[in-house]
Each structure stands twice: as C-alpha cells, then as structure tokens.
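Colleague: What follows is a single structure, and I will ask about it in a moment.
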Amino acid sequence: MSDSKRRLVGMGIPFALAFLPDTALSTYSQTTIVDGLLFRALARLHPQADILGYVAWAGAIVGLLLLTPELLAVILTIAVVFGHVVGAYLQLTVFLGSLWYQAANGLFLVAAVALGTGLTWSARAASVVEQSAPRRRLPAWLRWGLIAFLSVVALCTIWHP
C-alpha cells in the first residue's frame, strides 16, 4: 500500500469519525461554534453556506495529512480528532442533562480507540517497506508550497481576529 493510501486510512478514518458527527450536529442545530474568517464570509452569502466551510476545512486537513512529514501528520490527527470530539460534545450538551460526564467519557473513549487503532495501523504499515513500488514524490518546493497554502486555508476557517 502506498504511503498516501496508508495515511489516508490510518489517519483519515479517525478524522472522519470525529469530523462527520460534529459537522452533522452543527449543521442540524444551525449553530457554528467556529467563527473563523471563512465561515463569516460564507454566512454572508447564505445561512447554509457554512457547509462549504466544513468542506474546505476537511479538504485542507486531508491534504495536510497526506503532505506533511509523519510526525506532524500524527500530531495534526490527534489535535483535530480531539477538537471535533469536543465540538460534537458541545452540540450534545443540550440533550444530555445529567449524563454529560458519562457522555464525555464515552466520546473520548471512542476517539481514543479510533486514534489508537488508526495510528498503530499506520505506523505498522509504514514499517513494512514496499520495495516493489517506486516512490513518487512531489518536488520539495511544491510540497511545502501546498502545505503552506493548505495551512492558510485551515487557519482561515478557525481563526478570527
């Protein structure tokens, strides 16, 4: 399996498992906790345009997971998974009542299992060297240029002055 496929499975699945419920709950409740520059600009266009902001965020994160060095990709995966778990939890607090503590423990347990499984699988798959397939890499200037661009897109979705 190629490096990009391995990363997409090992790090992308935990991200998707946290991202999708958070996004669905935010869209359903029509409350966006994130008030970044991109979300504000999209909200001026249409109330449901925040979905484009979520698509831009997900695309930027997946791109960064594929392009960044292994250690940075692992750190990014952990950060965004925990961020989305907290986002989903905050959306659920209205419905939870006195079960808030058990729900928080359950959500973090599911996130830990998804992260542990995905990152362990990704690390083991990385240790198996595929000698049959030649590695195709982007030129360094293009790779780091894309990383910089995707970082700016991701920051514009969550950063607000």
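The values are calculated or read from the model by the stated rules, or taken from the named source; none is laboratory data. What you see is a predicted model, and the numbers here were worked out from it, not measured in a lab. Cβ coordinates were reconstructed from backbone atoms using ideal geometry, including for glycine residues, and neighbour counts include every protein chain displayed. The protein model used for the area step is the full one, side chains on, heavy atoms only, and it has no ligands, DNA or RNA in it. Shrake-Rupley method; radii C 1.70, N 1.55, O 1.52, S 1.80 Å.
Colleague: Length gain on complete extension for the stretch residue 78 to residue 48, per 0.36 nm per residue less the alpha carbon to alpha carbon distance?
Modeller: On the way: separation 30, 0.36 × 30 = 10.80 nm, distance 2.82 nm.
Going from the current span to full extension adds 8.0 nm.
Colleague: Checking a compactness column here: for the chain, what do you get for Rg(Cα) / (2.2 N^0.38 Å), N being the number of residues? Please report the intermediate quantities before stating the final value.
Modeller: Working: Rg = 17.2 Å, N = 161, 2.2 N^0.38 = 15.2 Å.
That ratio works out to 1.14.
Colleague: Over the chain, what relative contact order in percent results from Cα pairs under 8 Å that are six or more residues apart? Can you show the working numbers first?
Modeller: Numbers: 145 pairs, mean separation 73.2, N = 161.
Value for the chain: 45 percent.
Colleague: In addition: Divide by every residue of the chain the summed helix terms, -39500 (n - 2.57) for each DSSP H run of at least 4, and state the resulting mean residue ellipticity at 222 nm, rounded to the nearest 500 deg cm²/dmol.
Modeller: Details: 7 runs with 127 residues, N = 161.
Estimated from H runs of four or more residues: -26500 deg cm²/dmol.
Colleague: When the Karplus curve 6.51 cos²θ - 1.76 cosθ + 1.60 is applied with θ = phi - 60°, which whole-Hz ³J(HN,Hα) does each residue of the stretch 113-122 get, with x for Gly and Pro?
Modeller: Coupling constants for the stretch 113-122: 5, 4, 5, x, 5, x, 6, 5, 4, 5 Hz.
Colleague: What order do 137, 6, 124, 143 take when sorted by accessible area (1.4 Å probe), most exposed first? Walk me through the numbers on the way to the answer.
Modeller: Values: 137 145, 6 10, 124 170, 143 45 Å².
Highest to lowest solvent-accessible surface, that is 124, 137, 143, 6.
Colleague: So for the pair residue 2, residue 112, with labels modelled 7 Å out along Cα→Cβ, what separation do we get in nm?
Modeller: That separation, rounded to one decimal, is 3.6 nm.
Colleague: How do 151, 122 stack up against each other in accessible area, from largest to smallest, with a 1.4 angstrom probe? Kindly include the intermediate steps, with their values, before the conclusion.
Modeller: Values: 151 40, 122 0 Å².
So, going from the largest accessible area down, we get 151, 122.
Colleague: Which residue, 45, 106, 28, has the largest displacement toward the positive end of the dipole of the chain when charges sit on each Cβ (Lys, Arg +1; Asp, Glu -1)?
Modeller: 45
Colleague: If you don't mind, another one. Could you work out how much longer the chain between residue 24 and residue 159 gets when fully extended? Use 0.36 nm per residue separation minus the Cα distance between them, nm to one decimal. Numbers along the way, then the final one.
Modeller: Details: separation 135, 0.36 × 135 = 48.60 nm, distance 2.10 nm.
That pair, residue 24 and residue 159, stretches by 46.5 nm at full extension.
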